[in-house]
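*Asks:* Below are the structure tokens for one structure; questions will follow.
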Amino acid sequence: MEQALTIADLKERARRRVPKMFFEYADSGAWTEGTYRANEEDFHKIKLRQRVLVDMSNRSLETEMIGEKVSMPVALAPTGFTGMQHADGEMLAAQAAEEFGVPFTLSTMSICSIEDVRSVTTKPFWFQLYVMQDKDFVYNLIDRAKAAGCSALVLTLDLQILGQRHKDIRNGLSAPPRFTPKHLWQMATRPFWCLDMLGTKRHTFGNIVGHAKGVTDLSSLSSWTSEQFDPQLSWKDIEWIRDRWGGKLILKGILDEEDARMSLGSGADAIIVSNHGGRQLDGAASSIDMLPRIVDAVGDKMEVHLDGGIRSGQDVLKAICYGAKGTYIGRPFLYGLGAGGKAGVRRALEIIRKELDVTMALCGERDIKNLSRKNLLGDA
Ligand code: GLV
């Protein structure tokens, strides 16, 4: 793993280890993938201010996200099908995050269940919730997250209907994978992945199958979403979700200043500026492009976080300079996971920490909490 120096290195290793349908599930955006690309590209347009002859000893990346201490402001984002990038993927990623001192967010659409992740961790993790029409199932999910001691609920707002990702349709994506000649070939050419998968019984959506009424087999994300997700989810629903949950609440998927202002009255503890990694509304602005406007819109009344496009510690630093209190990585940790399980996730976090630390030093700063727009060129 030490040979992997960048997230791009991990991505290439994952491409060689993970069957095409699952690798491409991660490496895809909606329709033209324009927003998916813009999320990354817009980070490169931001230039840093290089400073010299300042004391750069004793640096600290430690800070807080929603009042929780983090060794750096980078959480693992909720991602679907994670246990298909590597056997028991969510359990391994949660352990890597815990050892590293950063939050892990378990997706509703995970392969390992809330209880599976709880059984291999000692500190609280965060749980991401999708709201379905079957409210009993949603109540039950919230209660299960509570019983597992999760310390934050991340409510996703931008996926009540699914954006179209062409690659998933062409690949016939499902969990467990189907056994057509095409799928068998994709797996047969990834023998290490197959061997690991044979060693676990977790091959489908662990939070759902056996918990949602009448669902004994759920393979396709798109049919489940269109049949089950609640297209009428509204600001009013936040209230009962918040009351039922009773803990820290994070709203994920805010990309508009007006929505950001509306979230101020919701009682949430933080919002995540996000376009779902470019997987939903293709043609929407990049997350980093919207971040400064949204920070200005909410002022210091609410914590603002960001996901989408982060591929390096430099990207994390730029988001923090623009006022994000925390960031999330999805694909970077999935590539690490696909490349090498828990060690690969740890490597992804190490890469990002090193890049963040060195960049902060060369910007003339010693404490991540002191970063601001003054560290960006032309944006003092
Ligand atoms: C689901 O969360 C997805 O983006 O595929």
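The values are calculated or read from the model by the stated rules, or taken from the named source; none is laboratory data. Everything quoted here is computed from the prediction, not taken from an experiment. Cβ placement follows ideal geometry from the backbone for every residue including glycine, while neighbour counts extend to all protein chains displayed. Quick note on the areas: whole protein, heavy atoms, side chains included, nothing else; ligands and nucleic acids left out. Shrake-Rupley method; radii C 1.70, N 1.55, O 1.52, S 1.80 Å.
*Asks:* Would you be able to say whether some residue in the stretch 17-39 is of a type in the set (V, I, T), within 16 Å of the ligand (Cβ to nearest atom), surrounded by 16 or more Cβ atoms within 10 Å (Cβ to Cβ) and not in a helix (DSSP H, G or I)? Before the answer, list the steps.
*Replies:* Of the residues in the stretch 17-39, the ones of a type in the set (V, I, T) are 18, 32, 35.
Pick out the ones that are also within 16 Å of the ligand (Cβ to nearest atom) and you get 18, 35.
Okay, now just the ones that are also surrounded by 16 or more Cβ atoms within 10 Å (Cβ to Cβ), so 18, 35.
If we keep only those that are not in a helix (DSSP H, G or I) as well, we get 18.
Yes, the stretch 17-39 has at least one match.
*Asks:* Any residue in the stretch 36-54 that's in contact (Cβ under 8 Å) with a residue 12 or more places away in the chain: show its pairings with residues that are open to solvent by 100 Å² or more (accessible area, probe 1.4 Å) and assigned to a loop (DSSP other than H, G, I, E, B) at Cβ separation under 6 Å, as long as the two are six or more apart or on different chains.
*Replies:* That search, which allows pairs on different chains as well, returns K47/L377; R49/L377.
*Asks:* Take the residues of the stretch 54-65 that are surrounded by fewer than 16 Cβ atoms within 10 Å (Cβ to Cβ) and of a type in the set (S, T, N, Q): which is nearest to E303 (Cα to Cα)?
*Replies:* Here the residue is S60.
*Asks:* Something else: Would you check if L317 is more than 29 Å from K20 (Cα to Cα) and crowded, with 24+ Cβ neighbours inside 10 Å?
*Replies:* yes
*Asks:* Same structure again: Checking the structure you have, find out if any residue of the stretch 230-246 is within 26 Å of D27 (Cα to Cα) and open to solvent by less than 50 Å² (accessible area, probe 1.4 Å).
*Replies:* no
*Asks:* I need the full set of residues from the stretch 320-367 which are at positive phi and open to solvent by 10 Å² or more (accessible area, probe 1.4 Å), in order please. Before you say what the answer is, go through the steps one by one.
*Replies:* The initial filter retains those residues of the stretch 320-367 that are at positive phi, namely 323, 341, 364.
Residues satisfying the conditions are G323, G364.
*Asks:* Continuing with the same structure: M65 versus (1) modelled with pLDDT of 95 or more; (2) touching a helix residue (DSSP H, G or I) at 6+ places or on another chain (Cβ under 9 Å): which is the lone unmet condition?
*Replies:* (2)
*Asks:* Separate question: Take the residues of the stretch 168-183 that are in a helix (DSSP H, G or I) and open to solvent by 50 Å² or more (accessible area, probe 1.4 Å): which is nearest to the ligand (Cβ to nearest atom)?
*Replies:* Let us first name the residues in the stretch 168-183 that are in a helix (DSSP H, G or I), namely 168-171, 181-183.
Those still in the list that are open to solvent by 50 Å² or more (accessible area, probe 1.4 Å) too: 169-170, 181-182.
Numbers: I169: 13, R170: 15, P181: 26, K182: 21 Å.
Result: I169.
*Asks:* Same structure again: Given the residues M72, M84, which is the only one that is farther than 21 Å from T156 by Cα, within 16 Å of the ligand (Cβ to nearest atom) and open to solvent by less than 10 Å² (accessible area, probe 1.4 Å)?
*Replies:* Only one candidate qualifies: M84.
*Asks:* Tell me which residues, restricted to the stretch 148-167, are open to solvent by less than 20 Å² (accessible area, probe 1.4 Å), within 16 Å of the ligand (Cβ to nearest atom) and either part of a loop (DSSP other than H, G, I, E, B) or over 25 Å from P103 (Cβ atoms) (or both).
*Replies:* Result: L159, G163, R165.
*Asks:* Moving to a separate point now. Taking only the stretch 356-365 into account, find how many residues are part of a helix (DSSP H, G or I) and under 13 Å from I320 (Cβ atoms). Show your work before the answer.
*Replies:* Taking the stretch 356-365 as the starting set, the residues that turn out to be part of a helix (DSSP H, G or I) are 356-362.
Add one more test, that the residue is under 13 Å from I320 (Cβ atoms), and what stays is 356-357, 359-360.
Selection size over the stretch 356-365: 4.
*Asks:* I'd like to check something: does the stretch 118-134 contain any residue that is within 16 Å of the ligand (Cβ to nearest atom), in contact with a helix residue (DSSP H, G or I) (Cβ under 8 Å, 6 or more places away or on another chain), modelled with pLDDT of 95 or more and on the phi > 0 side of the Ramachandran plot?
*Replies:* no
*Asks:* Determine if the stretch 42-53 includes at least one residue that is surrounded by 22 or more Cβ atoms within 10 Å (Cβ to Cβ) and assigned to a helix (DSSP H, G or I). Give the steps one after another, and end with the answer.
*Replies:* Keep residues of the stretch 42-53 that are surrounded by 22 or more Cβ atoms within 10 Å (Cβ to Cβ), which gives 43.
Retained after the next criterion (residues that are assigned to a helix (DSSP H, G or I)): 43.
Looking for residues that are surrounded by 22 or more Cβ atoms within 10 Å (Cβ to Cβ) and assigned to a helix (DSSP H, G or I), one finds at least one in the stretch 42-53, hence yes.
*Asks:* Out of (1) crowded, with 16+ Cβ neighbours inside 10 Å; (2) touching a residue at least 24 places away in the same chain (Cβ under 8 Å), the odd one out for V209 is which?
*Replies:* Of (1) crowded, with 16+ Cβ neighbours inside 10 Å; (2) touching a residue at least 24 places away in the same chain (Cβ under 8 Å), only one is false for V209: (2).
*Asks:* If I294 passes every condition in (1) part of a loop (DSSP other than H, G, I, E, B); (2) surrounded by 24 or more Cβ atoms within 10 Å (Cβ to Cβ) but one, which one does it miss?
*Replies:* (1)
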